[in-house]
1. Sort out which residues of region 161-187 are among the acidic types (Asp, Glu) and surrounded by fewer than 20 Cβ atoms within 10 Å (Cβ to Cβ), and write them in order of number.
2. I need a count of the residues in region 136-152 that are surrounded by fewer than 19 Cβ atoms within 10 Å (Cβ to Cβ) and over 20 Å from residue 223 (Cα atoms).
3. Restricting attention to region 37-57, which residues are farther than 18 Å from residue 73 by Cβ and either outside the structural domain of residue 74 (by TED's automatic domain parsing) or loosely packed, with under 14 Cβ neighbours inside 10 Å (or both)?
4. Is it true that some residue in region 264-276 is over 19 Å from the mean Cα position of the chain (by Cα) and closer than 28 Å to residue 158 by Cα?
5. Among the strands (runs of 3 or more DSSP E) confined wholly to region 188-285, which include 1 or more residues that are surrounded by fewer than 21 Cβ atoms within 10 Å (Cβ to Cβ)?
6. Where residues in region 90-103 are at pLDDT below 90 and not in a helix (DSSP H, G or I), which of them is nearest to the chain's Cα centre (by Cα)?
7. Given the criterion within 22 Å of residue 278 (Cα to Cα), touching a strand residue (DSSP E or B) at 6+ places or on another chain (Cβ under 9 Å) and touching a residue at least 12 places away in the same chain (Cβ under 8 Å), identify the matching residue among 97, 23.
Amino acid sequence: MKFTIKQIEVFLTTADCQNITQAAEQLSMSQSAASESLKTLEAQFDIQLFDRIGKRLQLNDLGVSVKKQAKSFIERARTLEESLQQHAEISLLKVGATLSIGNYLAINILSEFREKHIGSNATLEVANTTIIANKVANFELDIGLIEGEVSHTELEVTPWREDELVVFCSPDHPYASKNILNDQELSSAHWILREAGSGTRQAFDYAMHGLTHNIQVTLELQHTEAIKRAVEAGMGLGCLSKITLNDAFSRGNLIPLNIPHRNFHRQFYFIVHKDKYRSHGINNWLELCKQHVMS
């Protein structure tokens with residue numbers, strides 16, 4: 001092999017910092033050692049990976065094309081190192097989940113995962129579908145659990161479990177006593193919805209095709225609990241995953257509304273980068289998630 005792992009690390013860090021001195025500091029190297037490492041890498045293959053603009057190093061076309069492969073290589077090298085140290089089962093696992101999944105499903109799965117794999121260092125980040133997908137695509141997260149469609153060609157998207165959105169209102173809302181809502185009533189209502197970029201909003205817009213331009217959105221909020229509180233206060237109708245509403249429905253704080261002519265069913269998905277090495281941690285997490293569907 002004509003290159004070393006350290007040379008690839010210097011290349012990637014320099015690409016992120018666009019400055020060899022800053023890259024050296026991050027890697028706890030001297031500036032001269034980092035610079036020599038990068039020069040040697042380029043000289044060994046008679047290539048140039050950066051355009052040098054003053055003190056700034058900017059990736060050229062070749063550098064950009066090599067960067068993704070280099071990231072994947074480093075990920076695989078680190079996983080191999082963990083396996084050789086016999087810690088593959090308890091290595092760091094970075095999971096991302098969208099808000100409905102993260103707050104109502106993934107947190108329980110995380111607790112069970114840690115109980116089954118004593119000493120495991122699994123973390124959970126909760127954000128909307130767009131953010132989670134971008135972080136998995138950039139290798140910032142190992143795996144994502146999402147509730148929306150994504151178009152990243154570098155991601156492997158696998159169906160996980162089915163879900164259903166439910167439109168709901170407060171017990172005092174005029175629609176609370178109606179058996180079925182029609183499109184005119186949906187257009188006349190005020191709505192409190194999730195923000196654009198969330199899987200829930202994407203599914204709502206799909207279910208309301210043909211009506212989205214007529215929907216009166218009073219508030220857009222990032223958190224399901226805030227939406228539930230606003231609807232409970234009589235500010236309008238909401239639409240969230242059924243898994244986030246079961247407790248409120250059983251207490252009678254919120255009322256589900258029947259809209260049979262609109263399709264509110266959707267799918268939850270796993271997403272993993274296609275070049276991501278499937279460690280024992282990732283495989284164990286996926287298996288546990290599948291068990292929760294069957295239970």
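1. Let us first name the residues in region 161-187 that are among the acidic types (Asp, Glu), namely 162-164, 172, 183, 185.
Hits for region 161-187 are 162, 164, 172, 183, 185.
2. Total satisfying the criteria: 5.
3. Just the residues of region 37-57 that are farther than 18 Å from residue 73 by Cβ, to begin with: 39, 43, 46, 48, 50-57.
Of everything in region 37-57, those that are farther than 18 Å from residue 73 by Cβ and either outside the structural domain of residue 74 (by TED's automatic domain parsing) or loosely packed, with under 14 Cβ neighbours inside 10 Å (or both) turn out to be 39, 43, 46, 48, 51, 52, 53, 54, 55, 56.
4. Initially, region 264-276 is screened for residues over 19 Å from the mean Cα position of the chain (by Cα), giving 264-265.
Checking which are closer than 28 Å to residue 158 by Cα leaves us with 264-265.
Yes, the conditions are met somewhere in region 264-276.
5. Numbers: elements: 190-194, 216-221, 237-241, 265-273.
It comes to 190-194, 216-221, 265-273.
6. Filtering region 90-103 for residues that are at pLDDT below 90 and not in a helix (DSSP H, G or I), the one nearest to the chain's Cα centre (by Cα) comes out as 92.
7. On the way: 23 fails: within 22 Å of residue 278 (Cα to Cα).
Exactly one residue qualifies, and that residue is 97.
So that you can scan it fast, the table gives a plain yes or no per residue for (1) in a helix (DSSP H, G or I); (2) under 18 Å from residue 197 (Cα atoms); (3) in contact (Cβ under 8 Å) with a residue 24 or more places away in the chain:
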residue	(1), (2), (3)
105	yes, no, yes
115	yes, no, no
125	no, yes, yes
134	yes, yes, no
145	no, yes, yes
149	no, yes, yes
158	no, no, yes
162	no, no, yes
165	no, yes, yes
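The values are calculated or read from the model by the stated rules, or taken from the named source; none is laboratory data. Computed from a predicted structure; not experimentally measured. Here Cβ is always computed from backbone atoms with ideal geometry, including for glycine, and neighbour counts include all displayed protein chains.
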